[in-house]
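Read through the structure below, which is laid out as structure tokens, and then see the notes.
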Amino acid sequence: MRAVCATRHTVKRAAVLAATAGLVTAGLLTGPASAAGPAAAPAGTKAACAYYNGTALTVYGQRGDRVSQVQCLLANRRYLPWGDVTGYFGTRTLAAVKKFQSRHHLTADGKVGTKTWRALYA
């Protein structure tokens, strides 16, 4: 059973990475190529955030794909600079999440739970 789960995770991750590579090749995965920030990208351009597609609780101090997804979605909405999409949920990400939550009439606790994920994907 454990090997089956690991295989599914590996296959799913490979599919996400392949899809992302295809978007990059097609020129559809955009985001500023430099540290200049959102001004470097054409107006209205958003990156395809393909790090994670779930709604698991994501909080301060965590690292990984879930955090990168939160940061990418926040950067697309200009709550976080692109240079801060690092995969680490630090103080800047915490402040951006709280600001986003406040502006979307959610409890501004800095925790990315189901309601905050839904609002980020909306």
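The values are calculated or read from the model by the stated rules, or taken from the named source; none is laboratory data. Quick caveat, the model's predicted, so the values are computed rather than measured. Glycine also receives a Cβ, built like all others from the backbone with ideal geometry; neighbour counts cover every protein chain displayed.
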**Prompt:** Given Ala75, Ala47, which one is at pLDDT below 95, buried (at least 17 other Cβ atoms within 10 Å of the Cβ), in contact with a Gly (Cβ under 8 Å, 6 or more places away or on another chain) and closer than 20 Å to Ala122 by Cβ?
**Reply:** Ala47
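Can you tell me which residue is nearest to Gly54 (Cα to Cα) among those in the range 70-110 that are part of a loop (DSSP other than H, G, I, E, B) and among the aromatic types (Phe, Trp, Tyr)? I'd like the intermediate steps shown before the answer.
Residues of the range 70-110 part of a loop (DSSP other than H, G, I, E, B): 77-81, 85-87, 89-90, 104-110.
When the remaining residues are screened for being among the aromatic types (Phe, Trp, Tyr), the result is 79, 89.
Working: Tyr79: 21, Phe89: 17 Å.
Out of the qualifying residues, it is Phe89.
Every residue in the range 88-114 that is among the charged types (D, E, K, R) and loosely packed, with under 15 Cβ neighbours inside 10 Å, please.
Let us first name the residues in the range 88-114 that are among the charged types (D, E, K, R), namely 92, 98-99, 103, 109, 111.
Listed by number, the residues that qualify are Arg103, Asp109.
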